[in-house]
Amino acid sequence: MQYRKFGKTNIEVSTLGFGCMRFPCIPDGNINEEEAIKQLRTAIDNGVNYLDTAYVYHNGKSEVVLGKALKDGYREKVYIADKLPTWSAHVYEDFEKLLDKQLERLQVEFIDFYLIHALNKGSFEKVKDLGIYKFIDKALMDGKIKHIGFSFHDNIETFKTIVDDYNWEFCQIQLNYMDEFNQAGLEGLYYAAAKDLAVIIMEPLLGGKLANIPPEPIKELWDLSEKKRTPAEWALTWLWDKPEVTVILSGMNSMEQLTENINIAGTIKPNSLSKEEKELINKVKIKYTELTKVGCTGCNYCVDCPKGINIPNIFSIYNEAYMYNALNTCSTHYTNSIKKENNASACIECKKCEKICPQVLNITQHLKDAHRELTSI
Ligand SMILES: NC(=O)c1ccc[n+]([C@@H]2O[C@H](COP(=O)([O-])OP(=O)(O)OC[C@H]3O[C@@H](n4cnc5c(N)ncnc54)[C@H](OP(=O)(O)O)[C@@H]3O)[C@@H](O)[C@H]2O)c1
């Protein structure tokens, strides 16, 4: 395993972090505790010392299972990262109750790295109004948390505002070679690193989609490379190639994924990608974008559909199904995350959306195709 310095601290953290959001589960949806604990301890025995959980993961069970895995002397070998669920706080006192609950679930005295979870413009203003900085200062003073940061899901402007608003030690952003200009993106990585913040990466494989067996046109591009890598390896290498990246979190849920990611982490140093390899990854990124079915940019002009259909969301699920060979997962997501009365089949073809669509898309036809194909398996 390789290690990188954590921002302004002298702490050395493993470049691979264990994301505890996608533990292996049993058919009823509960965590397969035995297997999860085995995977966590295998990771730690192989040098992983950064473990990322949150209050909401696995309906609160992720923290409990992590706490169990850290018995028998494992706690002393690692740094725990945990996150405050901003949406569950309505008064100042909620912050303290939530943190105490997390310490209880984890069965630990303190949390090494504490994050304000999934901040965006609205939630940031809300927690500031509730006194988040007073809470952080008190929790640091009480020794319940050792270092403070935030995770983030909004645009670059909001990211810079939050970074500049407080003496944060680290931040956590979504980044992979398809999200270079999405959310905080590469600009956010460089902005935070330039201020000596440690930067933790989430969704390095776009939730697994970049690790899927790629569609043929993508495979043909990867095959051009002299150095042969797996799809997951290309995605993780693109990130570890950047010295500004401190830790990459991967939500691993099988020993195979764990073993592969540990092996890759052990070999990739900053600035290890050649110019040709970077150009190839860029070609792959462009090709993926060309594989989209609908040229929807997600501008959201069409959001007030009379049937409450979230058209950009449906098109992004539809596009990802074909871009990433992920028809199965995208169909499940389409069926489980969208109510019947708001899915694409609810379209009454009033064409209100088409009149304002800047891309002049044939939305009614695309919605028919999306529903047919996302419910075809
Ligand atoms: N707002 C936030 O703070 C926030 C948001 C998102 C994530 N996170 C944290 O960041 C962590 C990482 O994000 P993520 O879980 O989305 O990471 P990710 O690495 O992008 O996706 C994880 C998925 O990738 C697949 N995978 C991983 N390694 C693989 C390999 N070597 N080969 C093939 N497939 C592989 C698995 O998918 P299959 O199961 O399909 O095989 C796994 O479930 C999370 O676990 C969580 O701790 C935080």
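The values are calculated or read from the model by the stated rules, or taken from the named source; none is laboratory data. Everything quoted here is computed from the prediction, not taken from an experiment. Cβ coordinates were reconstructed from backbone atoms using ideal geometry, including for glycine residues, and neighbour counts include every protein chain displayed. Just the protein is used for accessible areas: all its heavy atoms, side chains included, with ligands, DNA and RNA removed. Shrake-Rupley method; radii C 1.70, N 1.55, O 1.52, S 1.80 Å.
Things worth noting here:
- Within the range 239-256, considering residues that are in a helix (DSSP H, G or I) and in contact (Cβ under 8 Å) with a residue 60 or more places away in the chain, the one farthest from the chain's Cα centre (by Cα): 255
- Any hit, the range 121-136, residues being in contact with a helix residue (DSSP H, G or I) (Cβ under 9 Å, 6 or more places away or on another chain), farther than 30 Å from residue 179 by Cβ, open to solvent by less than 10 Å² (accessible area, probe 1.4 Å) and touching a residue at least 24 places away in the same chain (Cβ under 8 Å): yes
- Taken together, 314, 309 contain a single residue that is closer than 30 Å to residue 284 by Cα and open to solvent by less than 10 Å² (accessible area, probe 1.4 Å), which is 314.
- Picking from residues in the range 145-188 that are hydroxyl-bearing (Ser, Thr, Tyr) and open to solvent by 10 Å² or more (accessible area, probe 1.4 Å), the one that is farthest from the chain's Cα centre (by Cα) is 166.
- Residues in the range 165-188 include none that are farther than 19 Å from residue 136 by Cα, in contact with an Asp or Glu (Cβ under 7 Å, 6 or more places away or on another chain) and of a type in the set (Val, Ile, Thr).
- Of all residues in the range 291-303 being touching a residue at least 40 places away in the same chain (Cβ under 8 Å) and open to solvent by 30 Å² or more (accessible area, probe 1.4 Å), the one that is farthest from the chain's Cα centre (by Cα): 301
- Restricted to the range 214-237, and to residues there that are among the hydrophobic types (A, V, I, L, M, F, W, C) and farther than 15 Å from residue 287 by Cβ, the residue that is farthest from the chain's Cα centre (by Cα) is 232.
- Hits in the range 9-35 - residues which are closer than 15 Å to residue 49 by Cα and assigned to a strand (DSSP E or B): 12, 13, 14, 16, 17, 18, 19
- Qualifying residue in the range 206-227 (condition: in contact (Cβ under 8 Å) with a residue 40 or more places away in the chain, more than 13 Å from the ligand (Cβ to nearest atom) and within 27 Å of residue 51 (Cα to Cα)): no
- Considering 32, 59, the condition of being out of contact with any strand residue (DSSP E or B) (no Cβ under 9 Å at 6 or more places or on another chain), open to solvent by 40 Å² or more (accessible area, probe 1.4 Å), within 16 Å of the ligand (Cβ to nearest atom) and free of Cβ contacts under 8 Å to residues at least 60 places away in the same chain is satisfied by 59 alone.
- Filter result for residue 225 (of a type in the set (Gly, Ala, Ser), open to solvent by 30 Å² or more (accessible area, probe 1.4 Å) and not in a helix (DSSP H, G or I)): no
- Of the helices (runs of 4 or more DSSP H) contained entirely in the range 260-366, those carrying at least 2 residues that are under 30 Å from residue 228 (Cα atoms) fall at 275-290, 311-323, 327-337.
- Scanning the range 39-56 for residues that are free of Cβ contacts under 8 Å to residues at least 60 places away in the same chain and out of contact with any strand residue (DSSP E or B) (no Cβ under 7 Å at 6 or more places or on another chain) turns up 41, 44, 45.
- Test result for residue 114, farther than 23 Å from residue 207 by Cβ, within 15 Å of the ligand (Cβ to nearest atom), at pLDDT 95 or above and open to solvent by 30 Å² or more (accessible area, probe 1.4 Å): no
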